[in-house]
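Single-structure report; data block below.
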Amino acid sequence: MPIYDALALFSGGLDSILAARTVAAQGLKVLCLHYVSPFFGHPDRLDRWREAYGLDIEPVDVGEAYVAMLRDGPAHGVGKGLNPCVDCKILMMSHARGLLERYGAKFLISGEVKGQRPMSQRRDALDVISRDARVRDLLLRPLCALTLKPTPMEESGLVDRERLHGFNGRGRGPQLALARALGVTAIPQPAGGCLLTERESAKRYLPVLAHHQAPTAADFELANLGRQFWSGSRWMAMGRKQADNAALGALARPGDILLDVEGFPSPLGLIRELPGHAWAPAELEDAAALLASYSPKAVTSGLDVVVLATRVGEAEPQAARLTVRPARESKTGLAEPDWEAQAEAKRGLYGESREDDH
Ligand code: SF4
């Protein structure tokens, strides 16, 4: 395994690129870690980034640890969506600290800029992150290092402090100038890309957190897909387009129930029974009628249709044939989560939102 001097947290955003390149420009070997979970990360872009930025980049799947943090309640709260930015950074930095030895690396790099984001990049939040991740003497923030006390890496001469930066606040001008100086021409659009900051996604995740005692990353992969329907602890995902149906099929795991309308093109439905919440036959029929209502040809037939319900993972899967009339109105209350109701659930789980996102 190649030996590196430093491990860099690498989101693919401009600041993370510049932070890694600033240190690499001093002749130090940098390995970028790209953290991936159901909520963020683009492992499909790694080859493009490696080529565009001349950096070594490895994906790191942190999904299960991240879900455990969300389930247990992030100590520093969540933002306007469901984004626990301070705890998120603590989690990633702690994780990266644990990888230092494996790569022979001596310190960590992050692209944070003091004052850039209200929630996680205020001075006090930067301090909390360094303290709680136990990286105070191991973390270099090359873009704003000159506004902070010198780190041991600078004091020992491992890193040349004079070639670090003193960026402060939200403007992107200095970053763009640095990109030019470093020859970075592929400038990514300002970030976005974390689904936890978006209410559209947060309202998909909150029922999982509210009703599932032990959710896993795979549950949130499912929550990301297609349409989501909930009634209490009953959960059905439904494809919105062909690609969703294929993805739902791939995410199905033993115990799930797949619903498909016989004889008509239709979305696929996936029912995931939560522990201790088996579905009654009438509830299954109701879900089948709802699914059939999303098949235009089944609806215009004006007839009862057959929905096949297959339990995944049975040795000899046998589809139950449910005869139903397509019905958009669910008798058992299956409905797509709306933000108002979910905001209430969010307050119950996590209290009031922190002041801002990211
Ligand atoms: S927006 Fe917040 S929660 Fe999302 S990846 Fe960034 S720091 Fe983490």
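The values are calculated or read from the model by the stated rules, or taken from the named source; none is laboratory data. Nothing here was measured: the structure is a model prediction, and the numbers come from that model. Neighbour counts are summed over all protein chains in view; Cβ atoms, including those assigned to glycine, are modelled from backbone coordinates with ideal geometry. SASA here: full protein model, heavy atoms, side chains in, ligands and nucleic acids out. Shrake-Rupley method; radii C 1.70, N 1.55, O 1.52, S 1.80 Å.
Only a single criterion out of (1) surrounded by 15 or more Cβ atoms within 10 Å (Cβ to Cβ); (2) acidic (Asp, Glu); (3) touching a residue at least 60 places away in the same chain (Cβ under 8 Å) is not satisfied by residue 160, namely (1).
Of the numbered criteria (1) within 13 Å of the ligand (Cβ to nearest atom); (2) open to solvent by 60 Å² or more (accessible area, probe 1.4 Å), the one residue 102 fails is (1). Please tell me if residue 294 is among the aromatic types (Phe, Trp, Tyr) and either outside the structural domain of residue 252 (by TED's automatic domain parsing) or open to solvent by less than 30 Å² (accessible area, probe 1.4 Å) (or both). When the stated conditions are applied, residue 294 does not pass them.
For the range 177-201, the set of residues classified as within 16 Å of the ligand (Cβ to nearest atom) and of a type in the set (A, V, I, L, M, F, W, C) consists of 191, 194, 195, 196, listed by residue number. Pairing residues of the range 185-213 that are open to solvent by less than 60 Å² (accessible area, probe 1.4 Å) and among the basic types (Lys, Arg) with residues that are in a helix (DSSP H, G or I) and modelled with pLDDT of 95 or more, at Cβ distances under 8 Å and at least 6 apart in sequence or on separate chains, gives 204/223. Restricting attention to the range 301-319, the residues that are out of contact with any strand residue (DSSP E or B) (no Cβ under 8 Å at 6 or more places or on another chain) and under 13 Å from residue 263 (Cβ atoms) add up to 2. Taken as a whole, the condition of being without any contact (Cβ under 8 Å) to a residue 12 or more places away in the chain, surrounded by 11 or more Cβ atoms within 10 Å (Cβ to Cβ) and assigned by TED's automatic domain parsing to the domain that holds residue 231 does not apply to residue 281. For the range 323-346, residues that are under 20 Å from residue 300 (Cα atoms) and either open to solvent by 40 Å² or more (accessible area, probe 1.4 Å) or without any contact (Cβ under 8 Å) to a residue 60 or more places away in the chain (or both) total 7.
Yes/no per residue for (1) at pLDDT 95 or above; (2) open to solvent by 30 Å² or more (accessible area, probe 1.4 Å); (3) within 16 Å of the ligand (Cβ to nearest atom):
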position	(1), (2), (3)
1	no, yes, no
8	yes, no, yes
31	yes, no, no
41	yes, no, yes
47	yes, yes, no
52	yes, yes, no
57	yes, no, no
76	no, yes, yes
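The residues of the range 142-156 that are in a helix (DSSP H, G or I) and either within 18 Å of residue 30 (Cα to Cα) or not assigned by TED's automatic domain parsing to the domain that holds residue 174 (or both), listed by number, are 145, 152, 153, 154.
Of the residues making up the range 202-229, not one is within 16 Å of the ligand (Cβ to nearest atom) and assigned to a strand (DSSP E or B).
Within the range 66-94, residues that are farther than 19 Å from residue 219 by Cα have Cβ atoms under 6 Å from residues that are more than 10 Å from the ligand (Cβ to nearest atom) and hydroxyl-bearing (Ser, Thr, Tyr) in these pairs: 78/350; 79/353; 80/353, counting only partners at least 6 apart in sequence or on another chain. With respect to residue 20, determine if the residue is out of contact with any helix residue (DSSP H, G or I) (no Cβ under 6 Å at 6 or more places or on another chain), part of a helix (DSSP H, G or I) and within 14 Å of the ligand (Cβ to nearest atom). Here the answer is no, as residue 20 does not meet what is asked.
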